[in-house]
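What follows is a single structure, written as structure tokens, with notes after it.
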Amino acid sequence: MPENVTPESDVAKKQNVAVLGGGSFGTAMAKVLGENGHAVHFWMRDEGQVEEIRTTRINARYMPDIVLEGEILPTTDLAKAVESADVVFVAIPSKAFRSVIRDNSGVFKDDQIVVSLTKGIEQQGFKLMSEILLEEIPRCRSGVLSGPNLAGEIVNRELTATVIAAKDPAVRHTVQELLGCDYFRVYANVDVYGVELAGALKNIYAIVAGLASAQNLGENAKAMLITRGLAEMSRFAVSLGANPMTFMGLAGVGDLIATCTSSKSRNFRVGYAVGTGKKLDEAAEELGQVAEGIYTLKLVREKSEAIGIHMPLVRGLYEILYNDAPIEVVIKNLMNAVQNSDVEFILPRTVAQ
Ligand SMILES: NC(=O)C1=CN([C@@H]2O[C@H](COP(=O)(O)OP(=O)(O)OC[C@H]3O[C@@H](n4cnc5c(N)ncnc54)[C@H](O)[C@@H]3O)[C@@H](O)[C@H]2O)C=CC1
Ligand SMILES: O=C(CO)COP(=O)(O)O
């Protein structure tokens, strides 16, 4: 059978799985897994939230209108959740990802499958979540899930596709079997770094798109920003070892489309708020949920300058968010920069002398 086709069944009908993180995306994935007939050990820190889900089957803070069907087992006992599970999904924001895994590294089992759902980059050392898993729990088999996956749509069973990226084919097949259903399709990739970096980088361009929307820029401008965002993020990722073709897939262009065109994206909403004159802190505070792009922007700006990769949208957005640069000045500078190659894998970019 070809590598990219899911075998009949690697996974017995019902599995024990764990979802770590009780926010929007943890809840969305717990819901899919529960509806697919699996026992979901759903870990979160807050005892009140556990009690609420246990008694009402609703995670009121993050998904107030959604009833979680199936065998959902909320708990504050991470060790018990992980020990009970064959496969662990981690939906913890990047800022806390390492500490949660490190503090509990002893409870993971040899060869256990651990899948990151997180779209961010660690502040120290520019580490992606799969790299953190490899460092903290090298005994486990890891994968990353990324794609155009707005949690608020998935919980309403709106048709969605995603990507599981893992080197180990058994990890890819297992995750396809666990999550796939008539509203959720799981495609496979082996370019773990590319898929993961795409998911983190697109958050930056979702902020840009929100800002453009607030400024009432037209459809041409929106298309320009999304496409140049794609050029910029793939240039950066390829320089770090990602496969450029990954950016043509769901985790690249797919996720850019979903988040750059919708106010359902929290990153888009932060950009929109700043575009209407709010300060970044105020916009983030009002959101009340994680917008990873705010932190990713800082790290990518620093990294791109260190390795000499041209990222004008990153630089411009950084100036607006962190140095209070006037939006119209940044736009003017971007529009008057050197007119360069469209697709630089075909025609190399002209580098200014
Ligand atoms: N919401 C979405 O549509 C999607 C989100 N993601 C990614 O999933 C990750 C998680 O995001 P969301 O669930 O949406 O965020 P959220 O803001 O809705 O929830 C974050 C959750 O993490 C918990 N948390 C924070 N620090 C923690 C710690 N130290 N220990 C334990 N729990 C902690 C919070 O209590 C909260 O339950 C992010 O990296 C995001 O980019 C990926 C795909 C879609
Ligand atoms: O990654 C996402 C959808 O694919 C979620 O985006 P936000 O974090 O901007 O809401």
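Each reported figure results from applying straightforward, stated rules to the coordinates on display, with no laboratory input. Predicted, not measured: the structure shown is a model, and the values here were computed from it. Note that we place each Cβ from the backbone using ideal geometry, even for glycine, and neighbour counts take in every protein chain shown.
Some observations on this one:
- Every residue from the stretch 184-205 that is part of a helix (DSSP H, G or I) and among the basic types (Lys, Arg): 202
- Test for residue 151: is it more than 15 Å from ligand 1 (Cβ to nearest atom) and in contact with a helix residue (DSSP H, G or I) (Cβ under 6 Å, 6 or more places away or on another chain): no
- Looking at 142, 84, 99, just one residue is hydroxyl-bearing (Ser, Thr, Tyr) and touching a Ser or Thr at 6+ places or on another chain (Cβ under 7 Å), and that residue is 142.
- The numbered conditions (1) crowded, with 16+ Cβ neighbours inside 10 Å; (2) under 27 Å from residue 68 (Cβ atoms); (3) not polar (S, T, N, Q) are all true for residue 181 except (1).
- If you filter the stretch 291-302 down to residues that are among the charged types (D, E, K, R) and buried (at least 18 other Cβ atoms within 10 Å of the Cβ), you find that the one that is nearest to residue 280 (Cα to Cα) is 292.
- Boolean, residue 132 is over 18 Å from residue 240 (Cβ atoms) and either under 17 Å from the mean Cα position of the chain (by Cα) or within 16 Å of ligand 1 (Cβ to nearest atom) (or both): no
- Residue 102 being basic (Lys, Arg) and surrounded by 19 or more Cβ atoms within 10 Å (Cβ to Cβ): no
- Of the set (1) hydroxyl-bearing (Ser, Thr, Tyr); (2) farther than 25 Å from residue 294 by Cα; (3) buried (at least 24 other Cβ atoms within 10 Å of the Cβ), all apply to residue 187 but (3).
- Residue match in the stretch 263-284 (condition: within 30 Å of residue 167 (Cα to Cα), touching a residue at least 12 places away in the same chain (Cβ under 8 Å) and either within 19 Å of the chain's Cα centre (by Cα) or surrounded by fewer than 21 Cβ atoms within 10 Å (Cβ to Cβ) (or both)): yes
- Residues of the stretch 82-103 classified as under 25 Å from residue 296 (Cβ atoms) and without any contact (Cβ under 8 Å) to a residue 40 or more places away in the chain, total: 7
- The helices (runs of 4 or more DSSP H) falling completely within the stretch 206-313 that include 2 or more residues that are touching a Pro at 6+ places or on another chain (Cβ under 6 Å) and more than 16 Å from ligand 2 (Cβ to nearest atom) map to 219-239.
- The stretch 119-138 - residue that is touching a strand residue (DSSP E or B) at 6+ places or on another chain (Cβ under 8 Å) and part of a loop (DSSP other than H, G, I, E, B) and, of those, surrounded by the most Cβ atoms within 10 Å (Cβ to Cβ): 119
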